[in-house]
Each structure stands twice: as structure tokens, then as C-alpha cells.
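Written out below as C-alpha cells is the structure these notes cover.
The values are calculated or read from the model by the stated rules, or taken from the named source; none is laboratory data. Owing to the predicted nature of the structure, the values given are computational and were not obtained by experimental measurement. In this analysis, Cβ positions are derived from the backbone assuming ideal geometry, glycine residues included, and neighbour counts consider all displayed protein chains.
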Ligand code: HEC
Ligand code: HEC
Ligand code: HEC
Ligand code: HEC
Ligand code: HEC
């Protein structure tokens, strides 16, 4: 019995330690991958910690894992290079988010992402399996070039090659009530989608300063905070004029909903310019509200979706306005979003933060009749 339990404990500690690896610092990549580094440095991946991302920080400040348990379990996806990730993921341990811990500040680091060897699929959220070799990075190009600093592996990693290396963190996240809080695709039907081709398009500039190349994959990760103009081509807007009304069609050619995080609120603003007059028509709101007892609730409390008007994957949404267009009229439409639903801004103490309160314009178009 004693031997058995010893073996059991030993195995447990192996599993726990397996979450912790040492990663090269992102700064070490800067000298040779200068452009990639500067794009990455401004991205949400480099800034996913509670102190650098005020929105994440505000939610974490209210979260019971912080206020009651003092354990930053968000680290699994927000600071996965942390040197105490195992404690963050173990019930009963204390492991706060620590501004003074350099490995926390690395957030989702270069080396972390490039060492994802495979992805384990789980019901609550997936898990990245990290390659144990510290200086070997998975990649996709077959230039046959070597680096003096590290090994490169381009053949063996299915997830790198098919562009789905992202789904360890982005696939889905269930809360304790088994409610899907946020997902790119809950059913894991990723075959048709490629996160990398849309979010990391090829842009001008060399991959490294050692071998001159014309283009590299964009590492600023176009998304709802930054660089959204790189994604406008995946959402088409058109206007159809009928006799007594008109319809604004929004064609989302994306393999996931227009916005994913439950805090977001998208808005379609519609106005008609007639002669010198501008007529504002009713705006359309796209939102997914989580709740409990028919009232909106924080994601960790919610047990149901009380409203979901978000534009879905590959959906063509028709928004009708009972307004008769005349010859010479111009219809102006603006599609954009608030990163934080204005109704939640105050409760989260974010009403003075521009990033949380400003309206982000995604696409603006005019149609003449
Ligand atoms: C001393 C220079 C140097 C440093 C430092 C360096 N690299 Fe590289 N890296 C290279 C060279 C050279 C290549 C070959 C590809 C090229 O130049 O286009 C390369 C290629 C890569 C590739 C594969 C590109 C492909 O072919 O698909 C990845 C991924 C990569 N580096 C990641 C990193 C990461 C992560 C770091 C920091 C932890 C880093 N590198 C630091 C020089 C460097
Ligand atoms: C399974 C991975 C995963 C875990 C665990 C996780 N997150 Fe996230 N989180 C994400 C991803 C992916 C995004 C980006 C989603 C998007 O932009 O749609 C995100 C974004 C967010 C945002 C939006 C940030 C912004 O700037 O708009 C907040 C807030 C947030 N998470 C809070 C938390 C908190 C608090 C925890 C821990 C209690 C947590 N998350 C745990 C994956 C995770
Ligand atoms: C280790 C977990 C992890 C991996 C792997 C990961 N992400 Fe993320 N990603 C996050 C988290 C966490 C956030 C939210 C950070 C925040 O807002 O604080 C995020 C945010 C984003 C955003 C939103 C950016 C914005 O401007 O709002 C995009 C786009 C994104 N990731 C794309 C990708 C792509 C593409 C990949 C695969 C190449 C990927 N991610 C891999 C965890 C991850
Ligand atoms: C066909 C192109 C396309 C594909 C494929 C795609 N996306 Fe997106 N993604 C978009 C568009 C368009 C938006 C909305 C505009 C924006 O956020 O700038 C978006 C938004 C996002 C956001 C921000 C959502 C939010 O609520 O803040 C994240 C995170 C993201 N995508 C991750 C991914 C991941 C991970 C994959 C792969 C599983 C993926 N995307 C596949 C086009 C795509
Ligand atoms: C969220 C995950 C993620 C992070 C973080 C990340 N990368 Fe990448 N990186 C990728 C993916 C995926 C590709 C493959 C892109 C493709 O196939 O087009 C890639 C490609 C590369 C390449 C190959 C060159 C190219 O143009 O395709 C290099 C070099 C590289 N990354 C270095 C870095 C460095 C340096 C950092 C940090 C400054 C970094 N990466 C951060 C996911 C990531």
C-alpha cells in the first residue's frame, strides 16, 4: 500500500511539473527577427497579463479565483510561460499573477508558441503539449536555412502546417456551469478554417536579419484591438433597395462569429444623406449576453446565454430598415465595436479607460442610389 501510494504521488508530481518549462525570452529573438519582434511586441499576445491589459486586469480583479483563491488560473492561456504554471493550475495552491516575475511578464512568448508540439482536446478547454527541447522551434517554411541560435523543425508538426496551432487556447473555454464562455468553434471543426492565413498574413520585410527575404508572416495578430483593417476583406457589406424599404446585408466569410469574447458589443450604424440633410436611422446591435436567472452575469457566474444576436460563422445577416430611398440618396453604413459592452463598463471600473469605452470602426461604406 505504501509503495503504491508513493508511486501514485510520484506520477502526480511528474504530471504537475510537466506544465513547467523554461523558455528563451522573447527579447533574445529581437536581434535577428527584428521586424517580427516589433510587430509581436505591440500585440495582445505580448500584453495578455493583468497589468498590461487593463480589460483583462479589470475582470481578473473581480474574479473569485483572485479574490478568494489567490490563484491565477488564467495563466494557462494568458501567461503560459510562467515558471509556476503548475501551481496556477493546481487547486489549493496560492499563485497570484506577479508583476515582478519575469516569466509572467513574457505572456504568450515567441518560444512558447513555437514549441507547441501538439494539442490535447478537452471538454473544458484544450491543453498545449510543449516540446521538451529548449532550442528547437516548430515552423512552416522549407527554405532549408539554419539558424546559428536554434534548431528549426518544419516537417513533423501537423498543427503548425495546417494553421491550427492556435486552438490549444482559442478553441473554447467552458465555465464551471458547463457554459461555453468564448470559442472560435466549439465543435472543433477546424478543417475549413485557417487561423494563420487570416490573422498572420504575409507582409513585407525580412524574416530574419541574417538571410534577406521579401516577406514574413505578420506577428501583430490582426484582431479586435489592433490591425483590424487587415481583416475587413472577410466581411462584405452591401445594400439592397426595395420599393418601400432597404436591406443592409452583412456577409461574414469568417469561420467563426464576428466577435468572440462575451464582453464585446458590435454596432451597425446606418444613416441616409439626402441633399444636405443626414438622417440617422435606428442602429443594429450584435451581442452575446451571458446570464443567470434571466439577468446578465459575469462569465464565471453565468449558466445560460440570455441573448445572442452576434453574427455567426459564415452567416449572411440581413438588416432591414423601413425607409423609402429616393434617387440621389446616399446610404452610409459603419460597422464597428466596443471591446467592452457599455453596460458593463462601469461595473468593471473601466469607465475612464479609453480602450474599453471607445468605438472601434471596422468597416465604413457608402452606397449611392
Ligand atoms: C542569431 C540569430 C537568431 C536568433 C537570436 C533567433 N533566430 Fe530564429 N532564425 C534565425 C535564422 C537565420 C533563421 C532561418 C530563417 C531565415 O533567416 O529566414 C531563423 C528561423 C526561425 C524560425 C523558422 C522560420 C522558418 O523557416 O519557418 C523560427 C520559428 C524562429 N527562427 C524562431 C526564433 C525564436 C522564437 C527566437 C528567440 C527565442 C529566435 N528565432 C532567435 C536566426 C535567429
Ligand atoms: C483556455 C484559454 C484561456 C483561459 C484559461 C483564460 N482565457 Fe481569457 N482569453 C483567452 C483568449 C483566447 C482570449 C481572446 C479572446 C478574444 O479576443 O475573443 C481571451 C481574452 C480575455 C479577455 C478579453 C481581454 C481584452 O483585452 O479584451 C478577458 C477579460 C479575459 N480573457 C479574462 C480571463 C480571465 C479573468 C481568466 C481566468 C479566470 C481567463 N481569461 C482565462 C483564453 C483564455
Ligand atoms: C497560449 C495561448 C494562446 C495561443 C497558443 C494563441 N493565442 Fe491568441 N490569444 C491568447 C490570449 C490569452 C489572447 C487575449 C489576450 C488579451 O486580450 O489579454 C489572445 C488574443 C488573440 C487575438 C486578438 C487580438 C486583438 O487585437 O484583439 C488574436 C487575433 C489571436 N489571439 C490570434 C491567435 C492566432 C492566429 C494564434 C495561432 C497562431 C493564437 N492566437 C495562438 C492566447 C493564445
Ligand atoms: C476567413 C478569415 C478568418 C479565419 C479563418 C479566422 N478568423 Fe479570426 N477573425 C476574422 C475576422 C474578420 C475577425 C473580426 C474582425 C477583427 O476582430 O478585427 C476575427 C476576429 C478574431 C478574434 C477577435 C475576437 C474578439 O472577440 O475580440 C480572435 C481572437 C480570432 N479572430 C481568432 C481566430 C482563431 C484562433 C482562428 C482559427 C481557429 C481564426 N480566428 C480564424 C477572420 C478570420
Ligand atoms: C501565437 C503564436 C506565435 C507567437 C507568440 C509567435 N509566433 Fe512566430 N509564427 C507562428 C506561426 C503560426 C508561424 C507560421 C506562419 C505561417 O505559416 O505563415 C510563425 C512563423 C514564424 C517565423 C517564420 C517566418 C515567417 O515569416 O513565416 C519566425 C522566424 C517566427 N515566427 C519567429 C517568431 C518570433 C521571433 C516571435 C516573437 C517575437 C514569434 N515568432 C511569436 C506563431 C507564433
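How many of the residues making up segment 85-126 are modelled with pLDDT of 95 or more and either within 19 Å of the chain's Cα centre (by Cα) or not assigned by TED's automatic domain parsing to the domain that holds residue 52 (or both)?
Looking only at that region, the number is 12.
Need a quick list: strands (runs of 3 or more DSSP E) entirely within segment 283-369 having at least 1 residues that are surrounded by fewer than 16 Cβ atoms within 10 Å (Cβ to Cβ), within 16 Å of ligand 1 (Cβ to nearest atom) and outside the structural domain of residue 60 (by TED's automatic domain parsing).
Details: elements: 284-292, 304-308, 316-321, 330-338, 359-368.
Fully inside segment 283-369 and qualifying: nothing.
Give the residues of segment 276-333 that are without any contact (Cβ under 8 Å) to a residue 60 or more places away in the chain, within 15 Å of residue 252 (Cβ to Cβ) and over 22 Å from the mean Cα position of the chain (by Cα), sorted by residue number.
284
With respect to residue 219, determine if the residue is part of a loop (DSSP other than H, G, I, E, B), in contact (Cβ under 8 Å) with a residue 60 or more places away in the chain and under 30 Å from residue 304 (Cα atoms).
Taking the combined requirement at face value, the residue does not satisfy it.
Just one of (1) within 26 Å of residue 301 (Cα to Cα); (2) out of contact with any strand residue (DSSP E or B) (no Cβ under 7 Å at 6 or more places or on another chain) trips up residue 134, so point out which.
Failing condition for residue 134: (1).
Of the residues that sit in segment 228-250 and are within 30 Å of residue 166 (Cα to Cα) and surrounded by 15 or more Cβ atoms within 10 Å (Cβ to Cβ), which one is farthest from ligand 2 (Cβ to nearest atom)?
In this case the residue turns out to be 237.
Would you list the helices (runs of 4 or more DSSP H) that sit entirely within segment 19-127 and hold 1 or more residues that are within 11 Å of ligand 5 (Cβ to nearest atom) and within 24 Å of residue 299 (Cα to Cα)? Step through it out loud before you land on a result.
On the way: elements: 27-30, 34-41, 54-62, 64-67, 75-78, 85-88, 102-105, 110-114.
Where helices (runs of 4 or more DSSP H) fall fully within segment 19-127 and carry at least 1 residues being within 11 Å of ligand 5 (Cβ to nearest atom) and within 24 Å of residue 299 (Cα to Cα), they are 75-78.
For segment 128-154, give me each residue that is assigned to a loop (DSSP other than H, G, I, E, B) and either away from ligand 1 (no atom under 11 Å from the Cβ) or outside the structural domain of residue 77 (by TED's automatic domain parsing) (or both). Before you say what the answer is, go through the steps one by one.
First, pick out the residues of segment 128-154 that are assigned to a loop (DSSP other than H, G, I, E, B): 131-135, 139-150, 154.
The answer is 131, 132, 133.
Please work out which residue is farthest from the chain's Cα centre (by Cα), limiting yourself to segment 155-170 and to residues that are part of a loop (DSSP other than H, G, I, E, B), surrounded by 13 or more Cβ atoms within 10 Å (Cβ to Cβ) and at pLDDT below 90.
By that ranking, first place goes to 157.
For (1) crowded, with 21+ Cβ neighbours inside 10 Å; (2) under 29 Å from residue 154 (Cβ atoms), each residue gets a yes or a no:
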| site | (1), (2) |
| --- | --- |
| 49 | yes, no |
| 62 | no, no |
| 66 | no, no |
| 73 | no, no |
| 92 | no, no |
| 96 | no, no |
| 127 | no, yes |
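Residue-wise test of (1) away from ligand 2 (no atom under 16 Å from the Cβ); (2) touching a helix residue (DSSP H, G or I) at 6+ places or on another chain (Cβ under 7 Å).
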residue	(1), (2)
97	no, yes
103	yes, no
121	no, no
156	yes, no
159	no, no
173	no, no
194	yes, no
